[in-house]
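Reviewing the structure listed below.
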Amino acid sequence: MFSPFDEEEAYKYCSDFVTQLHNHKGLEQISRESLERKDNGIMTGVLVCKDSTGNKIILKTVSGFRYRINLKAEDNEIFVEPIVSNDEIQKALSANDLKIHQLTNKIKESQSFDEKNALQKERRILTDQSLDKVFDLYSFHCIDGKIRSLKEICRIKNIPGLPPAGTGDCCAPKLLDYAFRHNLTPLSMCEILYKKTDNGILMNRYPPCDERCGILLPVMLGLEILYRDQDILVVNKQSGLLSVPGRGPDKQDCIVNRMKELFPETIEQPAVHRLDMETSGIMILAFNAQAHKNLNKQFENGQIKKEYTALLDGVLAKKGIPESGMNELYFRLDVDNRPHQIWDPVYGKKAVTEWNILGVENYHAPDGSRRPCTRVLFKPHTGRTHQLRLASSDSHGFGIPIIGDTLYGKCDEGERLMLHASYISFCHPVTGKQMEFRSKSPF
């Protein structure tokens, strides 16, 4: 993961925290640690926040649930406890613990390949049952004021089966859970791996982990952050979320307002481009007016390159469409049927789209049925409203809509629009450095 907040201020506090832990032996081990983890070190974390009156609050913690911090907190310091205590976890594990240990011993003693496989399968079932009970204990406070269980977050993130063991025990979700639970505004966050060596201590800085924090933090923060600095924010927008606020109180939840909630110093209009509500993928926003103006100019001048991945509801080759090419289409708003766009070669605006067919595959519909579809890579050279949806569905284009298109095709229950902004490149608006980002298609 990319670190969601600036790290520099928190890094100073975190370095001091590690030094205190080391010099004062400030960690008390309260449960046995596995042998394979013994020499891996301990992740420490600090989140600098401000409360509603502007006072600075320093939150500190360590990863896992096996250690207790034995230091005296300063007036503005808080040592954050694990989301779930060691006692609660041990209680959840106790039901199957003895049987799992017995099976482990039998597996070691077994000389039969078939018997060993059967025992390992039985142990795996019991282990999953135990982990399932542990994960039932985890819930997290999110920036929108809601409390979401770990299992609910996994459903939101489309995580099949159980999440990795230890999900919820890293520093970042602990610190953010405490901050959102107590209405604190995060300002700076840093994590340092504390490891004892023969020569003293080793301190390495790390961002939140992809494996566990990558599941939790996008939901807790309301944004999946791909990159952030003092000028720009790059996010991975989920399907079903507006890019900018719409009209009415029911259309205020959007990328822009989530950004302003997370980063209160953001300018009033930070979006420099939009994705349709049903489209997922990469979106760029600006923290300040200078960056916003520069990025707008790059879009106007066609300097920003974008690619989209789409699943089209049929086989393009059957219609004689070549594997690659470029089309020019002309569309305008249908004023009697907003927000639909209609073909108009006289008054329509030109939309230029390059395409590459990536292959034909089976689409697994929510109702369990399957049908052939075509995966296409689109490279729009213009930025017209619904450009790719029309290039796919209109008879002047491919004549085959994108799967899940509510405007120009059909969207069955449980479906989404199969269109994802998978790549973008641009010049950083302040440094001039060439930037590029990729986002793997979720379908």
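With the simple model of a label 7 Å out from the Cα in the direction of the Cβ, Gln252 to Asp39 spans 5.6 nm.
For the set Leu21, Leu137, solvent exposure ranked by accessible area (probe 1.4 Å, protein chains only) runs largest to smallest as Leu137, Leu21. Suppose a student asked you for the relative contact order of the range 124-224, using Cα pairs under 8 Å spaced at least 6 residues apart; what percent would you report? Relative contact order here is 30 percent.
Given in Å, the Rg to one decimal and the Dmax to the nearest whole number for the Cα atoms of the range 128-238 are 15.5, 47. In the context of the full protein assembly, Lys99 retains an accessible surface of approximately 80 Å², using a probe radius of 1.4 Å and ignoring ligands and nucleic acids. Can you give the percent of C-alpha pairs in the chain whose distance is more than 35 Å? Above the 35 Å cut-off, the chain has 43 percent of its Cα pairs. Placing R0 at 30 angstrom, the Cβ-Cβ distance between Glu361 and Met326 gives a FRET efficiency of 0.80 after rounding to 0.05.
Kirkwood Rh over Cα pairs of the range 1-130 into Stokes-Einstein at 20 °C, 1.002 mPa s: D in µm²/s? Value of D from the Cα-based Kirkwood radius: 118 µm²/s. Sorting Phe2, Phe65 by accessible area puts them as Phe2, Phe65; the probe is 1.4 Å, largest comes first, and only protein heavy atoms count. Of all DSSP-defined beta bridges confined to the range 19-100, some 75% are antiparallel rather than parallel. Computed with every protein chain present, the accessible area of Arg68 is close to 100 Å² [probe 1.4 Å]. Over all pairs of different C-alpha atoms, the range 1-65 has a mean inverse distance whose reciprocal, the Kirkwood radius, equals 13.8 Å. Along its three principal directions, the equivalent ellipsoid of the range 64-148 from the Cα gyration tensor extends over semi-axes of 38, 17, 9 Å, largest first.
Using bins of 5 Å that start at zero, the share of Cα-Cα pairs per bin across the range 227-365 amounts to 2, 8, 13, 16, 18, 17, 13, 9, 4, 1, 0, in whole %.
Accessible area per residue for the chain is 52 Å², calculated with a 1.4 Å probe on protein heavy atoms, without ligands, DNA or RNA. By a 1.4 Å probe calculation restricted to protein chains, Phe135 has an accessible surface near 10 Å², given to the nearest 10. Once divided by 2.2 N^0.38 Å, the Cα radius of gyration of the range 147-193 becomes 1.32. Look at the alpha carbon pairs under 8 Å that are at least 6 residues apart: their mean separation over the length of the range 202-285 gives a relative contact order of 28 percent.
Could you look at the chain and say what percent of its accessible area is carbon and sulfur, using a 1.4 Å probe and all protein chains? Answer for the chain is 47 percent, counting heavy atoms of protein chains only. Computed over the alpha carbons of the range 357-406, Rg followed by Dmax gives 12.3, 37 Å. When only Cα pairs below 8 angstrom with a gap of at least 6 residues are kept, the chain shows a relative contact order of 13 percent. Here is the list for the range 315-375: GluC sites (Glu not before Pro) lying in DSSP coil, each with at most 15 other C-beta atoms within 10 angstrom of its C-beta, are Glu323.
The values are calculated or read from the model by the stated rules, or taken from the named source; none is laboratory data. Note that the structure is predicted; figures quoted are calculated from it, not measured. Because the Cβ atoms are built from the backbone with ideal geometry, glycine has one as well, and the counts that use them run over all protein chains shown. SASA here: full protein model, heavy atoms, side chains in, ligands and nucleic acids out. Shrake-Rupley method; radii C 1.70, N 1.55, O 1.52, S 1.80 Å.
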